[in-house]
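Written below as structure tokens is the structure these notes are about.
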Amino acid sequence: MRKFDLVLFDLGATLIYFDGDWEASLKEGILAMQRKLHELGYAVDGDFPTHYRETAREYFRWRDDNLSETPAPEVFRQIMASYCCEDIPEEHVTAALSVLYASTQARWQPEADAVPTLARLKDAGYRIGLVSNAGYDEDVRVLVDKAGLRPYLEFIITSAAARIRKPHPEIFQAALQFFGMRPAQAVMVGDFLQADVLGANRLGMGSVWITRRVDVAAARPVLAKIRPDRTIGALSELPGVLHNWE
């Protein structure tokens, strides 16, 4: 008799990885968004990229401290209002964010063992969901489709949609409610001890820490306080770990 019926995954650095320089890609995206906004008639001048990046960083610091997510369209509107413009049409918000995120989306790649592992779990009868900390729900859905993960995921919830970030229990509870399962029936798989493992542990779920994209030496002080139930180096190890959990 197996231990779990439901496997929940993180996305970034778990099922997919970033192949490139994050800050350079983000800068490229902001500059592309600036050009798009110029095309749409907005007065976003030379200092706009710096204003956008620095203001966005304040939102990111606040969300990490409070585990509360302000979705990217709201952040965009507030930054634009502080810079030049209010009452931006929804289609312009979508167009600007699509250009902004396209730069990083192009560099996210699926782990080679992601689809094979999900397929094995699905064939074994596990139900599968995704719980992702992300400021833009649409970005996650684009990345899921780009990586070919959609056929294996029954449920996707992002912090942007829930307005709550891992490790807050409410975002995990939303996934459990969708599947109609108790915490003890579920296991969370992710790379981030403070979000994925801590959130699962607090709720009474199983926790699996995947270290392929992690600086394990730097994480050792955190491991003194947050202990995963199991640790794996690659997704391909997961089916065997779950099968032999007991």
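The values are calculated or read from the model by the stated rules, or taken from the named source; none is laboratory data. Here the structure is a predicted model, which means the values were calculated and not measured. As a convention, Cβ positions derive from the backbone with ideal geometry for all residues, glycine included, and neighbour counts pool all protein chains shown.
Can you find a residue that is acidic (D, E) and either more than 25 Å from D65 (Cα to Cα) or surrounded by 14 or more Cβ atoms within 10 Å (Cβ to Cβ) (or both) anywhere in the stretch 203-219?
no
Here is a list of conditions, (1) in a loop (DSSP other than H, G, I, E, B); (2) under 25 Å from R2 (Cβ atoms); (3) more than 19 Å from the chain's Cα centre (by Cα), and K225 meets all of them except one; can you say which number that is?
Evaluating K225 over (1) in a loop (DSSP other than H, G, I, E, B); (2) under 25 Å from R2 (Cβ atoms); (3) more than 19 Å from the chain's Cα centre (by Cα) leaves (2) as the failure.
Could you tell me whether V115 is of a type outside the set (S, T, N, Q), buried (at least 16 other Cβ atoms within 10 Å of the Cβ) and either touching a residue at least 40 places away in the same chain (Cβ under 8 Å) or farther than 27 Å from G199 by Cβ (or both)?
no
Given the residues D5, D10, D64, which is the only one that is at pLDDT below 95 and surrounded by 12 or more Cβ atoms within 10 Å (Cβ to Cβ)?
Going through D5, D10, D64 in turn, just one is at pLDDT below 95 and surrounded by 12 or more Cβ atoms within 10 Å (Cβ to Cβ): D64.
Checking the conditions here, which among S132, S103 is of a type in the set (S, T, N, Q) and either more than 30 Å from H38 (Cα to Cα) or touching a strand residue (DSSP E or B) at 6+ places or on another chain (Cβ under 6 Å) (or both)?
S132
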